[in-house]
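Worksheet: the structure to be examined is printed underneath.
The values are calculated or read from the model by the stated rules, or taken from the named source; none is laboratory data. Bear in mind the structure is a predicted one, so any value in this text is a computation, not a measurement. Here Cβ is always computed from backbone atoms with ideal geometry, including for glycine, and neighbour counts include all displayed protein chains. The accessibility values were calculated without ligands, DNA or RNA, using every heavy atom of the protein model including side chains. Shrake-Rupley method; radii C 1.70, N 1.55, O 1.52, S 1.80 Å.
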Amino acid sequence: MIEETISTSFSLTGLSPGVLYSISLVSVSEEPHVTVSEEAVGGPLTVRTNPNAPQNFMSGNIATTTVDLNWTAPDSGSNATFDKYKITYSSDSNTQTQEVNAGSINTTLTGLSPGVLYNISLVSVSHEPNVTVSDEAVGGPLTVRTKPNAPQDFTGETLSTTIGLSWNEPDDANGATFDKYRITYSRADGNGNMMTNETNSTNFTLTELSPGVLYNISLVSVSHEPNVTVSDEAVGGPLTVRTNPNAPQNFMSGNIATTTVELMWDPPDNANSAIFDKYRITYSRADGNGNMMTNETSSTSFSLTELSPG
């Protein structure tokens, strides 16, 4: 291609993206008997256009130390060309790069720190020599936070109508970080709402629970703001823990005979959706002789029989 101008600047247009061009500049005399100068001082130039940018850049699965990335290839119209992709990703502590061949449209960043925020850039890179790079991929740059590590050794203990929870901190190797813990719990029978509590401690007591009810309890680590992520379920969880039922009321003996004792009582308090299944009666001789005996009933009275007189 040949272009002419009387200006001291000129823009070449309609070029192919990512292509290497040799560009020569000379002065041209007036007509007639046109002559041209030697090549311009500094020329000829060898210049490569920028390649087209990748399209539809997005993150896929995000884990504690990995992030999946996906995109579509740059526009190949007008004989556009490029050699490879370059991904640059950085946190507050360091910056790293990764190259991906031109035939791929996805990759996985590995060796990342759990719970950390990363800025991720994707560009197309031209062939050698005179390497040029595209503008930022369409959809980028991305801001992605890895998931924090999960809490460890999650356990629960029933304390009457409360449940005491405890756990150990997540692994903090490789610069792992997190902000707080989130506990979610609900009745296993599906009644009631899912409840959530957050804490910075490694123990917590669930209160105002319904007596005798089975609860499903989950614990995760939560990252810092912004781009909040949460860990997988705590090691040992989720827990299934039942609160203690309320105690029967007004327990008393009735008629007492030589080998029988009649017992009676009132049902437990059923406030706050309290439930229970049955009553259990255990009895033994006060002098220590004989065995401990057990009976179960759903009634509010029971007769102990075959007792020893006196």
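Computed 3J(HN,Hα) for the range 186-198, one whole-Hz value per residue from the Karplus formula 6.51 cos²θ - 1.76 cosθ + 1.60 where θ = phi - 60°, is 7, 5, 5, 7, x, 6, x, 9, 6, 10, 9, 10, 10, glycine and proline marked x. Considering only V261, S223, P248, and ranking their Cα positions along the charge dipole of the range 135-294 that arises from unit charges at the beta-carbon of Lys, Arg, Asp and Glu, the one farthest toward the positive end is V261.
For P268, what charge total do you get from the other residues with a beta carbon under 12 Å from its beta carbon, if Lys and Arg give +1 and Asp and Glu give -1?
In short, -2.
Connecting C-alpha atoms closer than 10 Å in a GNM of the chain, tell me which of P141, P226, P114 has the biggest fluctuation. With Cα springs under 10 Å in the chain, the top fluctuation among P141, P226, P114 is at P226.
Give me the percent relative contact order of the range 176-287, please, defined on Cα pairs under 8 angstrom at least 6 residues apart.
Once normalised by length, the contact order is 23 percent.
For the range 203-310, trypsin sites (Lys or Arg not before Pro) are listed when DSSP marks them as loop and at most 10 other Cβ atoms sit within 10 Å of their Cβ; the list is K278. Here the range 102-231 has 45 percent of its accessible surface on carbon and sulfur atoms, given a 1.4 Å probe and all protein chains in place. Positive-end ranking of G190, N56, L15 along the dipole of the chain, with charges on Cβ about the Cα centre, is headed by G190. Here the range 193-310 is assigned +1 on the Cβ of each Lys and Arg and -1 on the Cβ of each Asp and Glu. Its dipole about the Cα centre then comes out at about 320 debye. Dipole magnitude for the chain: computed about the Cα centre from +1 point charges on Lys and Arg Cβ and -1 point charges on Asp and Glu Cβ, it is near 1060 debye.
Per residue, the average separation of C-alpha pairs within less than 8 Å and at least 6 apart gives the chain a relative contact order of 12 percent.
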